[in-house]
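Chemist: Provided herewith is a single structure, encoded as C-alpha cells, for subsequent inquiry.
The values are calculated or read from the model by the stated rules, or taken from the named source; none is laboratory data. Everything quoted here is computed from the prediction, not taken from an experiment. Because the Cβ atoms are built from the backbone with ideal geometry, glycine has one as well, and the counts that use them run over all protein chains shown. Side chains are part of the model used for accessible areas, which takes the heavy atoms of the whole protein and leaves out ligands, DNA and RNA. Shrake-Rupley method; radii C 1.70, N 1.55, O 1.52, S 1.80 Å.
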Amino acid sequence: MNLNDLQPKEVFRFFYEICRIPHGSYNIDAISDYLVAFAKERNLEVVQDELKNVIIKKPATEGYEKEETLILQGHMDMVAVKDAESDIDLEKESLRLNFKDGCLYAEGTSLGGDDGIAIAYALAILDSDTIKHPALEVVITVNEEVGMDGAIGIDLSGLKGTRLLNIDSEEEGVLLTSCAGGMRVHAVLPVNKVPLEGACVEITLSGLKGGHSGAEIHHGRANANHTMGRILAELSKKMSFGIVEISGGEKDNAIPLYAESVLAVKDVDMALMKAELEALEVMLNKEYAGKEENILITLRKKECENTMMADNASTARICEYLCAVPDGVIAMSGLNQGFVETSLNLGVLKLTEAGLEADYALRSSIEQSKLFLRDRVDMITRAFGGTCEFSGDYPGWEYKAVSPLRDKMIRVYEECYGSSPEVTAIHAGLECGILLEKKKDLDCISFGPDIYDIHTTKERMPVYSVKRTWEYLLAVLAEKENE
C-alpha cells in the first residue's frame, strides 16, 4: 500500500511531515520552528517561548462560540532509538517509514508515534476549515521524554481553557485520569584504570524486547544493562578479567534491549568463557520464558583501541553494583489491583573517563515511595564509592472525583461505539500533573490510539486505531454542551 493512501489522509499528511524533521529529545529546534511557521502561514495566534514550547490558538467555528475553550496538548520530542546495525543518523536524517500488517513503522528505529500522532491530530484540526470545534488552545511542549522540561518551564497564564485533552496515551479505548510521578537519577561510580593486559573480547547481549519503562515495565522483561552486569558477575566467579568498555541503552526511560562489554582476558580462559556464556544464554532464556523470546549472548575477539582497563577492584565493583541496584517493578499497588506503584529502570550505561555512568528513570504514584527509592539508589551508589545527581522531578497526577470533561468523554465514547471506555491510571509519567500545578482549575483526560512497543525499534502504530481515535476526537469537539 502507498503510504499516501493511508486514512485519515489529513492526519497522516502531517505525521509524515513531522517524521521528515529529526525531533529526538533535545533536538527540537527544527520541529518547534516548523510549528511556528505552520501557525503563521494560517494567520493563527502563536507563541514560542525560550524553551521552544509552542502554543497555537484558533477561534471557535461558527455556532461554537459559547462552548468551553478546549486545550489540546502533546509533546514534540520523541524517544529516538535505533538498532545497533542501523546506519541512520537520528540527529540529522528523516525516519524511514513503511507499512506492514496494518501498521505504520520506521525501519530500524523508533517511530515516534509518542507523541507525533498528537501533533498530527492537532495540526490537521488547525488546518481545517470544515471541522467543527470550540475555541482551541494547542499546547505543544519540548523534551517531555527526558524529564518533562517543557511542561515544567511553560507559562500557562495566557490560556483561557480549563479542559485539557492530553493526547499522549497508547491504548485505544482507555481514558487515563491519573499517573505516577518520577525523576531522573544520574549515578557515577569511580573506576581505577591500569594498562591493558591480555586479549580483548566483546560480549554482546541482544534479542531483548525492551519497551517503555512506564507503560511496559510490568511485563518483567530483561533489562540489558542489569543483565549484562549479572553476566559479568557470573563470569567473575570462574575467571579473572578487566573491563575495558561497557555500554547499553540509549534513553533512561526506555528499557534497554541491548548491551555490550569489552573485556581483557587471558588466552587460557577463552574456551571457558565461551562455554560459560553458552550456559548463561540457556539459563536466561529459561528464566525469562514467556517474557522474552530469543535472548542472545555472542562472543567474539576484538582489536582493542583502548590501552587501559578497569583494575581488579573496579571490575568487581562494577559487576557487584549492577547486581545490587534494584531493577524493574519495585512495588505493586495495594489499592489498584494489577497496577504498578513504584519502579526503577537503568536505561543508559557507559564507561567514560569519569567512571561508570548510569542513568535511571524512577517512578512512583506515591510521593514518599518515590523519595525512598531515590534515597535507596543513592545509598547503594555511595556504598560502592559513587555519587548520584537527581533531576527532572515531576509530580504525579491525582484522580479528580468531579470531572465534567471525563463525563463528556465517556458519554461521547458510548455514543460512538456502543460500549464504555476503560477509565484508569497509568504508571508512566504524563505532563498533566505538572500542568495542573501551574493551572489548578484544569480538568484533564489523556487518551490516544494504539501504539505497540513504543520507545523501541519495534514500535508500530495501527492505522485503523489512528482513524478510530481521530473520529472519536472529532466527535468530542463537535458535541455542544451550551446550546
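Chemist: Within the range 247-275, take every residue that is of a type in the set (D, E, K, R) and within 21 Å of Ala361 (Cα to Cα) and give me the one that is farthest from the chain's Cα centre (by Cα).
Modeler: Keep residues of the range 247-275 that are of a type in the set (D, E, K, R), which gives 250-252, 260, 266-267, 269, 274.
Adding the requirement that they be within 21 Å of Ala361 (Cα to Cα) leaves 250-252, 260.
Values: Glu250: 11, Lys251: 8, Asp252: 8, Glu260: 22 Å.
Per the criteria, the residue is Glu260.
Chemist: So, in the range 51-85, of the ones that are in contact (Cβ under 8 Å) with a residue 60 or more places away in the chain and exposed (fewer than 15 other Cβ atoms within 10 Å of the Cβ), which residue ends up farthest from the chain's Cα centre (by Cα)?
Modeler: Gly63
Chemist: Out of the range 166-210, which residues are of a type in the set (A, V, I, L, M, F, W, C) and over 29 Å from the mean Cα position of the chain (by Cα)? Walk me through it before giving the result.
Modeler: Step one: filter the range 166-210 for residues of a type in the set (A, V, I, L, M, F, W, C), giving 167, 174-176, 179-180, 183, 185, 187-189, 191, 194, 196, 199-201, 203, 205, 208.
Answer for the range 166-210, where residues must be of a type in the set (A, V, I, L, M, F, W, C) and over 29 Å from the mean Cα position of the chain (by Cα): Val191, Val194, Leu196, Ala199, Cys200, Val201.
Chemist: Scan the range 131-158 for residues that are open to solvent by 30 Å² or more (accessible area, probe 1.4 Å), closer than 25 Å to Asn27 by Cβ and either over 27 Å from the mean Cα position of the chain (by Cα) or not charged (D, E, K, R) (or both) and jot them down.
Modeler: Ile152, Gly153
Chemist: Go through the range 354-377 residue by residue and tally those that are touching a residue at least 24 places away in the same chain (Cβ under 8 Å), of a type in the set (Asp, Glu) and not in a strand (DSSP E or B).
Modeler: 1
Chemist: Could you check how many residues of the range 79-94 are hydrophobic (A, V, I, L, M, F, W, C) and part of a strand (DSSP E or B)?
Modeler: Adding up the residues that qualify gives 0.
Chemist: Can you tell me which of Gly229, Gly182 is among the small types (Gly, Ala, Ser), part of a helix (DSSP H, G or I), crowded, with 23+ Cβ neighbours inside 10 Å and in contact with a helix residue (DSSP H, G or I) (Cβ under 8 Å, 6 or more places away or on another chain)?
Modeler: The conditions single out Gly229.
Chemist: When the range 461-483 is examined, which residues are found to be part of a strand (DSSP E or B) and surrounded by 21 or more Cβ atoms within 10 Å (Cβ to Cβ)?
Modeler: Within the range 461-483, Met461 is the sole residue that qualifies.
Chemist: Moving on. Would you please list the contacts, defined by Cβ atoms under 6 Å and residues six or more apart or on different chains, that run from a residue in the range 389-406 that is farther than 20 Å from Asp441 by Cβ to a residue that is open to solvent by 60 Å² or more (accessible area, probe 1.4 Å)?
Modeler: Ser391/Arg184; Gly392/Arg184
Chemist: Among the candidates Ile28, Ile21, single out the residue that is under 30 Å from Lys458 (Cβ atoms), open to solvent by 20 Å² or more (accessible area, probe 1.4 Å) and among the β-branched types (Val, Ile, Thr).
Modeler: The conditions single out Ile21.
Chemist: Ok, one more. State yes or no: is Ala264 of a type in the set (A, V, I, L, M, F, W, C) and either modelled with pLDDT under 95 or not in a helix (DSSP H, G or I) (or both)? Lay out the reasoning, then the answer.
Modeler: Details: of a type in the set (A, V, I, L, M, F, W, C): yes; either modelled with pLDDT under 95 or not in a helix (DSSP H, G or I) (or both): yes.
Answer is yes for this residue.
Chemist: Now for a separate question. Restricting attention to the range 445-455, does a residue exist that is farther than 30 Å from Glu293 by Cβ and open to solvent by 10 Å² or more (accessible area, probe 1.4 Å)?
Modeler: Scanning the range 445-455 turns up no residue that is farther than 30 Å from Glu293 by Cβ and open to solvent by 10 Å² or more (accessible area, probe 1.4 Å).
Chemist: Any residue in the range 105-116 that is under 20 Å from the mean Cα position of the chain (by Cα) and more than 19 Å from Gly24 (Cα to Cα)?
Modeler: no
Chemist: Ok, one more. Going through the range 354-368 one residue at a time, which ones are of a type in the set (S, T, N, Q) and either surrounded by 21 or more Cβ atoms within 10 Å (Cβ to Cβ) or modelled with pLDDT of 95 or more (or both)?
Modeler: Correct list: Ser364, Ser365.
Residue-by-condition table, conditions (1) in contact with a Lys or Arg (Cβ under 8 Å, 6 or more places away or on another chain); (2) over 28 Å from Leu405 (Cβ atoms):
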| position | (1), (2) |
| --- | --- |
| Leu51 | no, no |
| Pro59 | no, no |
| Tyr64 | yes, no |
| Gly74 | no, no |
| Ala84 | no, yes |
| Arg96 | no, yes |
| Leu123 | no, no |
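Chemist: Let me ask something else. Determine, yes or no, whether His218 is surrounded by fewer than 20 Cβ atoms within 10 Å (Cβ to Cβ), outside any loop (DSSP other than H, G, I, E, B), under 21 Å from the mean Cα position of the chain (by Cα) and modelled with pLDDT of 95 or more.
Modeler: No: the conditions fail for His218.
Chemist: Follow-up question, since we're still on this one. For the list (1) modelled with pLDDT of 95 or more; (2) not in a strand (DSSP E or B), I need the number of the one condition that Glu389 fails.
Modeler: (2)
Chemist: What number of residues within the range 232-261 satisfy the criterion of being part of a helix (DSSP H, G or I), open to solvent by 10 Å² or more (accessible area, probe 1.4 Å) and not charged (D, E, K, R)?
Modeler: Of the residues in that region, 2 qualify.
Chemist: Yes or no: Ala264 in contact (Cβ under 8 Å) with a residue 12 or more places away in the chain, closer than 30 Å to Phe339 by Cβ and surrounded by 19 or more Cβ atoms within 10 Å (Cβ to Cβ)? Reasoning before the result, please.
Modeler: Numbers: in contact (Cβ under 8 Å) with a residue 12 or more places away in the chain: yes; closer than 30 Å to Phe339 by Cβ: no; surrounded by 19 or more Cβ atoms within 10 Å (Cβ to Cβ): yes.
So Ala264 does not fit the description; no.
Chemist: Where residues in the range 86-109 are touching an Asp or Glu at 6+ places or on another chain (Cβ under 9 Å) and more than 23 Å from Pro462 (Cα to Cα), which of them is least open to solvent (accessible area, probe 1.4 Å)?
Modeler: Looking at residues that are touching an Asp or Glu at 6+ places or on another chain (Cβ under 9 Å) and more than 23 Å from Pro462 (Cα to Cα), I get Ile88.
Chemist: Looking only at residues that are touching a helix residue (DSSP H, G or I) at 6+ places or on another chain (Cβ under 8 Å) and part of a loop (DSSP other than H, G, I, E, B) in the range 185-208, which one is nearest to Thr387 (Cα to Cα)?
Modeler: Per the stated criteria, the residue is Pro190.
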